[in-house]
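Undergrad: Structure incoming, see below.
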């Protein structure tokens, strides 16, 4: 095994973690509970003022972790006082003991905050199938809650990392009824998958006043075009979670209908923030050397375009070619063909880096690979496929498949 | 890139190519047409006596190669006089020129043999999107047809190889009405995918007298449990083809109904041969170091069991763990969960090498990894998953994902 030393930070990382402004009603903190890691924070809390509304989207896995089951159960309340996240142990496939760990943690946090247990959302990320040392979590709760502050964003974003090589954050402002509201978010994920660190997590906060059903609608739609439009290696986690909380402190008149036209700017900014976070996850894809955007147009439907894009983005053949800077359009065509979606070979157009390579069933006459080869050697790759039979379009993002992916995922758990 | 030298032959290869007996009515040969490779045979012919019946199954790709389209068109005749296969160029995504190449080749072979064009089946395997130098094929046809002999099995099996590290063959005998019939087959494939050598091909011949609809029924069912139950990297080819031809020379009374009870032994032996060939393809999986059998039981249906098995077998996380001899059952559970099929976390049982690791929602008490770790270090790995909710079962075969896979597929086309 070519045991190359992992780079400190992904070559695709943003220059720095953004400066996230305070959001009234949100305080964050973290402590070192010693769950698995030594000498680093591994337990994070976001404490939310009373009256905060919340929405969530979760993994589609049929074998989700105990925290996912818990969050789904309490989401109907539409309100939250705290979000607790531990890293190092995913509390997945841990049976009744895993369930009890979640219930006990929620109860302990609730008793310190003086709220109901069903106001406490919990996520866990890390090794699957090992029992979470819940006593360490429970005894750390008082210190954890005492640690929170309005400035704790970077601390929180770092505490939830597992194999991530950089913390992921984003911030936006939006106007609602002439009032400026803020949206902050942070996320973790390094391929949805990292060596058993099987999770993509995202937490987004705003001071806007938005009813829970509005949040849920916004989050569901926004995730579809961001967190659900990325892939590192086709492996979906048992613990994927994105939560969106709104404290209502900004002073706008509460919005209660998802189709309220006053949401226009907020929706746009939220979508932008979710996409930013999702793309940062791809940029931290295990072993990633290239960030790849795949735009599919002209498909039968949006769903078909997504499926085709994901089939290209998940193809080991396409991804190894990308790693080798090989403009291997034949593999792209093969992926389109096996997507299962309707395609007409003779109407297909493939572009790389904006250059048309193949169209109408064959290579363009006099195709010159030089500009395409130059594009392929870069860090940011654009693949465009037009199916030529409809109006469905979708864009997905992925990274290349390198030796480091195998090094990272082949290394033994302990 | 850790440019390890490819081994001459896969470490999982059988000891040798089997000795295939003659089959009355079948003659095989090959020539070096110089399509892409130098100094080796790259054009193969199987010439079949008049009266030979034929059946075929093909890729489900929606962008298949020109030869696939041709074979599907002529299959209704149910009879064949020749099968022609070239390696080095897949004749895929080559538009009208690609179509013409197939039609012209069939016509040339037909004129030499004195048969109709629609009696000539054609397959191509190799680079996608490059124009097949059909003139080299056409001018080689007379020598090709002149080269055939009853003993040409090994020559034929070698001529169709692309990145394969060994030729793949199998033979069986079966009894029909007290008469012994022979079945020979050979195949190529090295992950369905090889660097653009995107194809799995299989050709099976028997001297039994079987009507075309009977052959089709036998081949479809047998492929489902063999060629459709293997995966190297989830990438399906644009050219996958399996043909089954029957010369009728063995002397049994022709069988015309697929449910004829006299087919019992033949079906069993054909299934065994197809599975043998399919498993040889997995054993030649690009970079493969381990041969992996995944048995799924207790699923809601056979289809669900197959889907769960394939999700495990296609998981890059599972496959990199296998390469590292890591008994990482958590990744297996995660794959089961995201298969989309109905599962109950608390009824799931996972075994590796026959040892129960996890059951009823958690690790078995006092789990000792020692025997499992020893099993994982071997060449042949057995994973068993019982879903615990139904009677559906299915077995699939795969290999591990190693650095060599990336070396092979990341190397530039030329």
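The values are calculated or read from the model by the stated rules, or taken from the named source; none is laboratory data. These numbers come from a predicted model, not from an experiment. As a convention, Cβ positions derive from the backbone with ideal geometry for all residues, glycine included, and neighbour counts pool all protein chains shown.
Undergrad: Exactly one of (1) in a helix (DSSP H, G or I); (2) touching a strand residue (DSSP E or B) at 6+ places or on another chain (Cβ under 8 Å) is unmet by residue A:228. Its number?
TA: Against the list (1) in a helix (DSSP H, G or I); (2) touching a strand residue (DSSP E or B) at 6+ places or on another chain (Cβ under 8 Å), residue A:228 comes up short only on (2).
Undergrad: For region A:349-362, how many residues are touching a residue at least 24 places away in the same chain (Cβ under 8 Å) and facing another protein chain (nearest Cβ under 7 Å)?
TA: 1
Undergrad: Then there's this: Could you list, in sequence order, the residues of region B:332-348 that are more than 8 Å from every other protein chain (Cβ to nearest Cβ) and closer than 16 Å to residue B:318 by Cβ?
TA: B:332
Undergrad: Still on this model: So which of B:357, B:408, B:387 is touching a strand residue (DSSP E or B) at 6+ places or on another chain (Cβ under 7 Å) and over 20 Å from residue A:89 (Cα atoms)?
TA: Going through B:357, B:408, B:387 in turn, the sole match is B:387.
Undergrad: Return yes or no: is residue B:296 over 18 Å from the mean Cα position of the chain (by Cα) and surrounded by 24 or more Cβ atoms within 10 Å (Cβ to Cβ)?
TA: yes
Undergrad: Right, next: Among the candidates A:194, A:107, A:156, A:146, single out the residue that is surrounded by 19 or more Cβ atoms within 10 Å (Cβ to Cβ) and modelled with pLDDT of 95 or more.
TA: Every option except A:156 fails the conditions.
Undergrad: How many residues are buried (at least 19 other Cβ atoms within 10 Å of the Cβ) and at negative phi when one looks only at region A:19-30?
TA: Qualifying residue count, region A:19-30: 7.
Undergrad: Follow-up. Given the criterion more than 7 Å from chain A (Cβ to nearest Cβ) and more than 28 Å from residue B:404 (Cα to Cα), identify the matching residue among B:365, B:371.
TA: When all the criteria are applied, what remains is B:365.
Undergrad: Can we say residue B:345 is within 20 Å of residue A:232 (Cβ to Cβ) and either touching a helix residue (DSSP H, G or I) at 6+ places or on another chain (Cβ under 8 Å) or buried (at least 24 other Cβ atoms within 10 Å of the Cβ) (or both)? Explain how you work it out, then say what you get.
TA: Numbers: within 20 Å of residue A:232 (Cβ to Cβ): no; either touching a helix residue (DSSP H, G or I) at 6+ places or on another chain (Cβ under 8 Å) or buried (at least 24 other Cβ atoms within 10 Å of the Cβ) (or both): yes.
It is false that residue B:345 is within 20 Å of residue A:232 (Cβ to Cβ) and either touching a helix residue (DSSP H, G or I) at 6+ places or on another chain (Cβ under 8 Å) or buried (at least 24 other Cβ atoms within 10 Å of the Cβ) (or both).
Undergrad: Right, here's the next one. So, in region B:266-286, how many residues would count as being assigned to a helix (DSSP H, G or I) and in contact with a helix residue (DSSP H, G or I) (Cβ under 7 Å, 6 or more places away or on another chain)? I'd like the intermediate steps shown before the answer.
TA: Residues of region B:266-286 that are assigned to a helix (DSSP H, G or I), as a first pass: B:266-283.
Of the ones still in play, those that are also in contact with a helix residue (DSSP H, G or I) (Cβ under 7 Å, 6 or more places away or on another chain) are B:267, B:270-271, B:274, B:278.
Looking only at that region, the number is 5.
Undergrad: Ok, one more. When you scan region A:297-401 for helices (runs of 4 or more DSSP H) that lie fully inside it, which ones turn up with 1 or more residues that are within 12 Å of residue B:63 (Cβ to Cβ)?
TA: A:302-314, A:329-338
Undergrad: Shifting gears a bit: Can you find a residue that is within 11 Å of chain A (Cβ to nearest Cβ), over 23 Å from the mean Cα position of the chain (by Cα), under 27 Å from residue A:402 (Cβ atoms) and surrounded by 24 or more Cβ atoms within 10 Å (Cβ to Cβ) anywhere in region B:383-396?
TA: no
Undergrad: Residues that are within 14 Å of another protein chain (Cβ to nearest Cβ) and either modelled with pLDDT of 95 or more or in contact with a helix residue (DSSP H, G or I) (Cβ under 8 Å, 6 or more places away or on another chain) (or both): does region A:198-214 have at least one?
TA: yes
This table checks each residue for (1) within 14 Å of chain B (Cβ to nearest Cβ); (2) in contact with a helix residue (DSSP H, G or I) (Cβ under 6 Å, 6 or more places away or on another chain); (3) in contact (Cβ under 8 Å) with a residue 12 or more places away in the chain; (4) in a helix (DSSP H, G or I).
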| residue | (1), (2), (3), (4) |
| --- | --- |
| A:99 | yes, yes, yes, yes |
| A:123 | no, yes, yes, no |
| A:136 | no, no, yes, yes |
| A:143 | no, no, yes, yes |
| A:156 | no, no, yes, yes |
| A:162 | yes, no, yes, no |
| A:169 | no, yes, yes, no |
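Undergrad: Quick one: which residue in B:334, B:324 is modelled with pLDDT under 90, surrounded by fewer than 24 Cβ atoms within 10 Å (Cβ to Cβ) and more than 25 Å from the chain's Cα centre (by Cα)?
TA: Matching residue, one of B:334, B:324: B:324.
Undergrad: Just name the residue that is modelled with the lowest pLDDT out of those in region A:36-67 that are within 16 Å of residue A:106 (Cα to Cα) and within 14 Å of chain B (Cβ to nearest Cβ).
TA: It comes out as A:65.
Undergrad: Within region B:31-55, which residues are buried (at least 24 other Cβ atoms within 10 Å of the Cβ) and either free of Cβ contacts under 8 Å to residues at least 40 places away in the same chain or not in a loop (DSSP other than H, G, I, E, B) (or both)?
TA: Listed by number, the residues that qualify are B:43, B:44, B:45, B:46, B:47, B:48, B:53, B:54, B:55.
Undergrad: Which one of these is outside the structural domain of residue B:388 (by TED's automatic domain parsing), surrounded by fewer than 24 Cβ atoms within 10 Å (Cβ to Cβ) and touching a residue at least 60 places away in the same chain (Cβ under 8 Å): B:270, B:244, B:263?
TA: Just a single option satisfies the conditions, and that option is B:263.
Undergrad: Further, regarding this structure: Considering A:305, A:208, which residue is closer than 14 Å to residue A:394 by Cβ and buried (at least 24 other Cβ atoms within 10 Å of the Cβ)?
TA: After ruling out the rest, the residue left standing is A:305.
Undergrad: While we're here: Kindly provide the set of residues from region B:68-87 that are within 14 Å of another protein chain (Cβ to nearest Cβ) and either under 17 Å from the mean Cα position of the chain (by Cα) or in a strand (DSSP E or B) (or both), ordered by number.
TA: B:68
Undergrad: Something else: Residue A:282 fails exactly one of the following numbered conditions: (1) closer than 30 Å to residue A:17 by Cβ; (2) within 14 Å of another protein chain (Cβ to nearest Cβ); (3) surrounded by 21 or more Cβ atoms within 10 Å (Cβ to Cβ). What is the number of that condition?
TA: So residue A:282 meets the others, but not (2).
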